[in-house]
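The values are calculated or read from the model by the stated rules, or taken from the named source; none is laboratory data. The structure presented is a predicted model; accordingly, all values stated were derived computationally and were not measured. Here the Cβ is made from the backbone with ideal geometry for all residues, glycine too, and neighbour counts use every protein chain on show. Ligands, DNA and RNA are stripped out before the accessible areas are found, and what is left, the full protein with its side chains, is counted by its heavy atoms. Shrake-Rupley method; radii C 1.70, N 1.55, O 1.52, S 1.80 Å.
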Amino acid sequence: MIEIDDITKAYEGTVVVDHVSLTIEPRSICVIVGTSGSGKTTLMRMINKLVEPTSGHIRIDGQDIAEIPAYELRRRIGYAIQGHGLFPHRTVGQNVATVPKLLGWDKKKTADRVDELLSLFQLDPAEFRNRLPHELSGGQQQRVGVARALAAGPNILLMDEPYGALDPVIRAKAQEDLLSIQRKFGTTVVLVTHDMEEAIHLGDKIAVMDKGKLLQFAKPEEIIAHPATPFVAELIGTSERPFRLLSLAKVADHIEAGEVGGEPIEASASLRDAYAELLWSGRPALPVRRDGSIVGQVTLARLSQLAARPQ
Amino acid sequence: MKIGNLIRLVIFGLLLVFLIQPELFAGFFGLFTKNNQPAIYNQGSLLDITLNHLGIVAAATLASTIIAVGLAIVVTRPFGAEFLPLSRSLANIGQTFPPVAVLALAVPMLGFGTAPTLVALFLYGLLPIFENTLTGLTNLPPAVTDAAKGVGMSGWQRLIKVELPLALPVILAGVRLSVVISLATATIGSTVAARTLGEVIIAGLLSSNTAFVLQGGLIVGVLAVLIYDALSALERFLMKRTGQLGRA
Ligand SMILES: Nc1ncnc2c1ncn2[C@@H]1O[C@H](COP(=O)(O)OP(=O)(O)OP(=O)(O)O)[C@@H](O)[C@H]1O
Ligand SMILES: [Mg+2]
């Protein structure tokens, strides 16, 4: 658990993070979203002491981080940034092994861990281990950056616009990877982005920031249905609200009995995808397929209800 | 092998042969003599003098490298940061000082011989290396230095494992500059009785023997070009290895 308690950061009188308090539950994903210069990065960097707060406290699992030496704290917290920050003079393997090495793991354990992580990110260890970062594509570099952040099995992973430089396809893939890895390891993730779509997709909770202030900290459904200020509403995009709401749920959770013909949709698809398919094919209902067999249908009427503003 | 490297190899070979068996070139240098003057320098072994010249340059450069890199490291650490602007301007002022002036100032303090030459070369060699090390250490890619902090490296670990290796090509460029300046400046050292190739040139000037002047000058020039090229190649290799080619 990360407790941010009335934290403020000022640079020469200019307040860039203004009395922010929020509690991030263990094993959850918290996305900090806001426009450029709203203080997202600064807030996140105070968690691993890359920035010293002007006032306030941050506690991790109850312990005030002011009591922990910075280098020790950082070795316990994964840190992945936009532009990956890989060490250009060290191989992919050496990059991933950075923190285990700092922690004094033995060679065998480190090497095994490096291979495990590279495989997890679909990078064949034999092929990629000894390459230098500049010999990788941007997407591969980004994955190595996250692999390095996770190498020592940290409980907390901080990510600052990790997907900012990726194309939409690779980006979607990287987001799915993050979700599955987060579930697998139970890592607490704090992710900074200025993309509301990404925030809604990834976040268990979303913190919206503007001009250093925390405007709202809530579940995505809540933020969409009841934005705390006009600014939050604007960030979500008024005309996007019903679709964003639909994007939060899966077809699997809204299957109705009944049989219809035509091309089926997978149960794992989002309601938004189902809605788009219904509109596009001009059908009132789609058969739903799970593990290769049809298990029911999803209807336009139902989705229209679900897309309406929650009461 | 590229044509440029082939030419360098041939020139290096010729230089070696000339230093070991200068008489083989007597015919060529004879063209520049008058009145039966000796064609080849005859007041000492050219090989010995060249090695001594190189030795002085190497010793001075090594000392400047250690001190200049050390100083640049100190002023780029948090505890030395307040000296950064001061040391920068000192380095810039120092650079405008001609090497001959440094030599002239060193003699009254150290007397004649190798010592004042070493000191002059050492002092003048400091500046390019210091300046380049500063540039190298302060212009690192911000994402990389940020990541080095973020993974929990101590200040010392960041310096050794990340900052110095990445700054190395730029530091090396400073060393290269310093070596080439020292190679030339060392010849002036023989005016204060250091045993360098300047001795050959001065002997030629005193006896109006163009062949001697040419020999001394050629050896210094060829050495400078070869060493310059070798260090440039090493820099390029290091830049390429770290994917920095085109960055600095
Ligand atoms: N070291 C610093 N010194 C002075 N001001 C700073 C410093 N770091 C950040 N700031 C200022 O603090 C404000 C917030 O910066 P921050 O990087 O946290 O914004 P951000 O929300 O991450 O923006 P972006 O989306 O552009 O990354 C900005 O106005 C920035 O200029
Ligand atoms: Mg930022």
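3J(HN,Hα) along the stretch B:180-194, derived from phi through the Karplus expression 6.51 cos²θ - 1.76 cosθ + 1.60 where θ = phi - 60°, amounts to 5, 4, 5, 4, 6, 5, 4, 4, 5, x, 6, 5, 10, 6, 8 Hz, with x in place of Gly and Pro. Rounded, prolate or oblate, given the Cα gyration tensor of chain A, with a/c below 1.5 counting as rounded? In terms of gyration-tensor shape, oblate.
Close amide-amide hydrogen proximity is noted between A:A165 and A:G83, each under 5 Å apart and 5 or more residues distant or on a separate chain (H modeled in the peptide plane; Pro and chain starts excluded). Tell me the mean residue ellipticity at 222 nm calculated for the protein assembly as shown from its helices only (DSSP H runs of n ≥ 4, each -39500 (n - 2.57), averaged over every residue, nearest 500). Mean residue ellipticity at 222 nm (helix-derived): -17000 deg cm²/dmol. Based on C-alpha pairs under 8 angstrom that are at least 6 apart in sequence, the stretch A:244-306 has a relative contact order of 38 percent.
On chain A, 51 percent of the accessible area sits on carbon and sulfur atoms, based on a 1.4 Å probe. With protein chains left intact and a 1.4 Å probe, residues in the stretch A:244-306 average 54 Å² of accessible area per residue. Among the protein heavy atoms, those of B:M109 account for about 150 Å² of accessible surface (1.4 Å probe, every chain in place). The mean accessible area for residues of the stretch A:2-236, using a 1.4 Å probe and ignoring ligands and nucleic acids, is 42 Å² per residue.
Within the protein assembly as shown, the proportion of Cα pairs with more than 48 Å between them is 36 percent.
A 1.4 Å probe over all protein chains sorts A:H84, B:H53, A:H89, A:H201 by accessible area into A:H201, A:H84, A:H89, B:H53, starting with the largest.
In order along the stretch B:162-174, the Karplus-derived 3J(HN,Hα) couplings, from 6.51 cos²θ - 1.76 cosθ + 1.60 at θ = phi - 60°, round to 10, 5, 5, x, 6, 7, 3, x, 5, 4, 4, 4, x Hz, and Gly and Pro are given as x.
In this structure the amide hydrogen of A:G296, modeled in the peptide plane, comes within under 5 Å of the amide hydrogens of A:V288, none closer than 5 places in sequence on its chain.
Overall, the accessible surface of the stretch B:21-62 at a probe of 1.4 angstrom is composed of carbon and sulfur to the extent of 60 percent. Summed over both chains, the area buried between A and B is near 1800 Å², taken from the accessible surface of protein heavy atoms with a 1.4 Å probe. Taken as entire DSSP H runs, the helices of chain A that both span 24 Å or more between Cα atoms along their own long axis and average -0.5 or more on the Kyte-Doolittle scale are A:168-185. For the stretch A:149-190, the relative contact order works out to 60 percent when only alpha carbon pairs closer than 8 Å and six or more residues apart are counted. Counting only protein chain heavy atoms and rolling a 1.4 Å probe, the accessible areas of A:E3, A:E127 rank, largest first, as A:E127, A:E3.
Shown in residue order for the stretch A:2-18 are the 3J(HN,Hα) couplings computed by the Karplus curve 6.51 cos²θ - 1.76 cosθ + 1.60 at θ = phi - 60°: 10, 10, 9, 10, 6, 8, 9, 10, 10, 10, 6, x, 7, 7, 10, 10, 10 Hz (x for Gly and Pro). A probe of 1.4 angstrom, applied to the heavy atoms of all protein chains, finds A:K101 with accessible area near 130 square angstrom. Sorting A:H19, A:H134 by accessible area puts them as A:H19, A:H134; the probe is 1.4 Å, largest comes first, and only protein heavy atoms count. Classification of the stretch A:52-95 by its C-alpha gyration tensor yields a prolate form. The axis ratio a/c (a ≥ b ≥ c) is 1.5 or more, and a/b outweighs b/c. Per-residue shielding of A:67-73, expressed as the average number of other chain Cβ atoms within 10 Å of the residue Cβ, stands at 2. Quick check on chain B: take the gyration tensor over C-alpha atoms, sort the square-rooted eigenvalues as a ≥ b ≥ c, and tell me if it's rounded (a/c under 1.5), prolate or oblate. Oblate, since a/c reaches 1.5 and b/c is not below a/b. Of interest is the spacing of the C-alpha centroids, which for the stretch B:21-96 and the stretch A:281-311 amounts to 82 Å. Between the helical axis of B:114-138 and the longest alpha-carbon principal axis of chain B there is an angle of about 30 degrees. Calculated accessible area for chain B comes out at 49 Å² per residue, all protein chains present (probe 1.4 Å; ligands, DNA, RNA ignored). Between helix B:99-110 and chain B there is an angle of about 80 degrees, using the helix long axis and the longest principal axis of the Cα atoms.
Annotation: amide H of A:D160 within the under-5 Å range of A:A80, A:I81, A:Q82, A:V192, sequence separation 5 or more or interchain, hydrogens built in the peptide plane.
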